[in-house]
Amino acid sequence: MVGNLKILGISAYYHDAAAALLVDGEITAAAQEERFTRIKHDPRFPYEAIKYCLSEARCDLADVDHVVFFEKPFLKFERLLETYAAFAPRGFWSFNKAMPVWIKEKLFQKRQLQESLKKISDTPLRNPLSFSEHHLSHAASAFYPSPFTDAIVLTMDGVGEWATTTVAIGRGRELNIVREIHFPHSLGLLYSAFAYYCGFKVNSGEYKLMGLAPYGEPRFVDLIERELIEIKPDGSFKLNLKYFAYATGLRMTNAHFDALFGGPARSSDEPLTARHMDLAASIQKVTERVVLKLAAALAAEYRMPNLCLAGGVALNCVANGELKRSGLFENIWIQPAAGDAGGALGAALYCQHARLGVERQPSGVDAMRGGYLGPSFSDDAVQLRLRSAGARFEVLSEPELLERCARDLAEGLGLGWFQGRMEFGPRALGARSILGDPRSPSMQSQLNLKVKFRESFRPFAPAVLAEKVSDYFELDGPSPYMLLVAEVRENRRLTMSSEQAELFGIEKLNVARSDIPAVTHVDYSARVQTVHASTNPLFYALLSAFEAATGCAVLINTSFNVRGEPIVCTPEDAFRCFMGCHLDTLVVGNCYMSKPLQDPALLDIYAERLAPD
């Protein structure tokens, strides 16, 4: 393989560090560092992820032709200086705290990267280390793996070097940014400000805010659009910086924001109130309006049928669902690792196509291989690792395994499912998943509280056989990466009583709203994953076995982890998580484990000691 072109992409030093390796034009491997170090959103140099990528390709760093970092540190440093100069003397204490770190670590990041790479291999790189730009990396991660020859590419996140929103046009191997919105005007930071104000962590709690939104009423929309954000007809926007502290401070919002919305930011241990639910509903609605206006203007101007999305805002699957239903574009493709982890892949892809001139050959299907780009383990390796961990298991044939798992799920048991290559990106897609019966009215709260150890209001996603998706949801196309929200079909909804209709807030959670209640959110929506035999045949076979046993072609699919930790990576991780929560059964490869048969001395409900996520 040494004769093939090899390009290594790296992202690091903010959150979700990752590595991705291209070999002879193919995406060979990609993984986040957190999966190996077990530190959620680990931002450090991705030593382990790089080592994994090299091992997957059976090569050394010395065999890699190009190494590319996903952004340009000097441009970030320029933005920091100009921002503090523009806001001086406000933010002096923040500036005083940040500057030594930037001078010591960030300003000399090229040297730091080179020294870190030397710890993997002393052999000099074949070519000098190169740098992409943050939003160009995002755009490349969305366009180049897409099935489209030509497309508009929209990227939205918190901030890169300067850009917070960009529009690029991709044609063949060419990709050019044609429009930008710059910091401090950021849709991602606006959404994060509301996550912060509602008591959730920035860069991880945005999912919670999106899940909380359907419990509230969007009564603050007019106030937000009047005071916080000016949205222009083409979807471009400008924030009123009077209300925010993120430009120069150590907080997202300030006293003006508190006064506008009737009180200080919620602490994470305080109860959620109707006001927080209404705030979540409101900022979600505003976000959808901005995304739709941007998309409408782009569709009218460029008249191209295809749209690609990346950046953290592209993980807002509710907004994505609205965009899909709008019909503005014939086709939409979203990078499953849309956040900074995906920047590693985008940096490598941009180098390959735009810089080195390697032609693309879109085949009508995406090049992400279903997102299954991480480590896998042979049956022999799985058995050896599980025995070393003290697990007690049966080795089953594939038909026996599928029959046993389908039966367990039909009986209401929670199943840990560990198969094949690990997913790249934040979603578990049937390789490192916890599965359950969506027909059970109690399964959502049971998995949230006793297995995941997280807030009861958070919804679960349905995994559905691809050809059956329109039988259950108002969706007539693929959603392989769990990035589109669609409504449950009318004929599957249950009629509520007048008393149930009057319930408020979290009380709504206890009302079964369809014949698959565990995956039906309080607004009848669901974050859908379509499962395809071509990309995950074993998960497809399990869904088929469950359908044969129950008549239902849907399963609950949530990530195999507990609150505060990354998705499991190895068989040992899976067994530890299994013994650390109230899961009933576990399957790793062809090994089947039942909780009552395990050594009681190995039980350790460690999730209760983890910090909130």
Original post:
Do we have any residue at all in the range 494-506 that's touching a residue at least 40 places away in the same chain (Cβ under 8 Å), surrounded by 19 or more Cβ atoms within 10 Å (Cβ to Cβ) and within 29 Å of Glu565 (Cα to Cα)?
Top reply: no
**OP:** Take the range 549-566 and flag every residue that is under 19 Å from Leu413 (Cα atoms) and assigned to a loop (DSSP other than H, G, I, E, B).
**Re:** Gly551, Cys552, Ala553, Phe560, Asn561, Val562
**OP:** Could you tell me whether any residue of the range 217-237 is of a type in the set (Gly, Ala, Ser), within 26 Å of Ala142 (Cα to Cα) and part of a loop (DSSP other than H, G, I, E, B)?
**Re:** yes
**OP:** Inspect all residues belonging to the range 354-361 and state whether any of them is more than 21 Å from the chain's Cα centre (by Cα) and crowded, with 20+ Cβ neighbours inside 10 Å.
**Re:** yes
Original post:
Which residues, taken from the range 1-27, are more than 23 Å from Pro73 (Cα to Cα), outside any strand (DSSP E or B) and touching a strand residue (DSSP E or B) at 6+ places or on another chain (Cβ under 7 Å)?
Top reply: Met1, Asn4
**OP:** Could you tell me whether any residue of the range 598-613 is in a loop (DSSP other than H, G, I, E, B), farther than 19 Å from Val519 by Cβ and in contact with a strand residue (DSSP E or B) (Cβ under 7 Å, 6 or more places away or on another chain)?
**Re:** no
Original post:
Could we say that Ala526 is assigned to a loop (DSSP other than H, G, I, E, B), at pLDDT 95 or above and within 24 Å of the chain's Cα centre (by Cα) here?
Top reply: no
Original post:
In the range 580-595, is there at least one residue being without any contact (Cβ under 8 Å) to a residue 60 or more places away in the chain and either more than 25 Å from Phe539 (Cα to Cα) or among the charged types (D, E, K, R) (or both)?
Top reply: yes
**OP:** Only residues in the range 18-46 that are within 16 Å of Val68 (Cα to Cα) count as the first member; pair them with residues that are of a type in the set (Ser, Thr, Tyr), Cβ under 6 angstrom, at least 6 apart or cross-chain, and list the lot.
**Re:** Ala18/Ser11; Leu21/Thr28; Ala31/Tyr52; Phe45/Ser116
**OP:** Kindly indicate the residue of the range 426-436 that is within 21 Å of Val588 (Cβ to Cβ) and of a type outside the set (Lys, Arg) and also surrounded by the fewest Cβ atoms within 10 Å (Cβ to Cβ) among those meeting that condition.
**Re:** Ala431
Subject >> Tally of residues being farther than 27 Å from Glu565 by Cβ and either at pLDDT below 95 or surrounded by 19 or more Cβ atoms within 10 Å (Cβ to Cβ) (or both) across the range 387-425 >> reply: 2
Subject >> Looking only at the range 238-249, and only at residues there that are aliphatic (A, V, I, L, M) and part of a loop (DSSP other than H, G, I, E, B), the one that is modelled with the lowest pLDDT >> reply: Ala247
Original post:
Which one of these does Gly412 not meet: (1) part of a loop (DSSP other than H, G, I, E, B); (2) within 26 Å of Arg35 (Cβ to Cβ)?
Top reply: (2)
**OP:** Residues that are modelled with pLDDT of 85 or more: find the helices (runs of 4 or more DSSP H) completely inside the range 28-139 holding 3 or more of those.
**Re:** 34-37, 47-56, 109-120
Original post:
Does Ala553 meet the test of being closer than 27 Å to Lys208 by Cβ, aliphatic (A, V, I, L, M), touching a Phe, Trp or Tyr at 6+ places or on another chain (Cβ under 8 Å) and assigned by TED's automatic domain parsing to the domain that holds Ala431?
Top reply: no
Original post:
Of the residues Glu547, Glu572, Glu608, which is at pLDDT below 95 and either not assigned by TED's automatic domain parsing to the domain that holds Cys405 or not aliphatic (A, V, I, L, M) (or both)?
Top reply: Glu608
Subject >> Some residue of the range 500-519 being part of a helix (DSSP H, G or I) and over 22 Å from Met210 (Cβ atoms) >> reply: yes
Original post:
Out of all the residues in the range 533-548, is one or more more than 24 Å from Arg407 (Cβ to Cβ) and in a loop (DSSP other than H, G, I, E, B)?
Top reply: yes
**OP:** Look at the range 20-51 and say how many of its residues are surrounded by 24 or more Cβ atoms within 10 Å (Cβ to Cβ) and either polar (S, T, N, Q) or within 28 Å of Ala607 (Cβ to Cβ) (or both).
**Re:** 8
Subject >> Residues of the range 349-379 classified as under 19 Å from Phe148 (Cβ atoms) and in a helix (DSSP H, G or I), total >> reply: 8
Original post:
Can you tell me which of Asp476, Asp471 is charged (D, E, K, R), in a loop (DSSP other than H, G, I, E, B) and in the same structural domain as Ser440 (by TED's automatic domain parsing)?
Top reply: Asp476
**OP:** Considering each of Thr558, Thr535, Thr520, Thr570 in turn, give the residue that is within 15 Å of Leu435 (Cα to Cα) and crowded, with 17+ Cβ neighbours inside 10 Å.
**Re:** Thr558
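The values are calculated or read from the model by the stated rules, or taken from the named source; none is laboratory data. These figures come from a predicted structure and were not determined experimentally. A quick note on method: Cβ atoms are made from the backbone with ideal geometry, for glycine too, and the neighbour counts reach across all protein chains shown.
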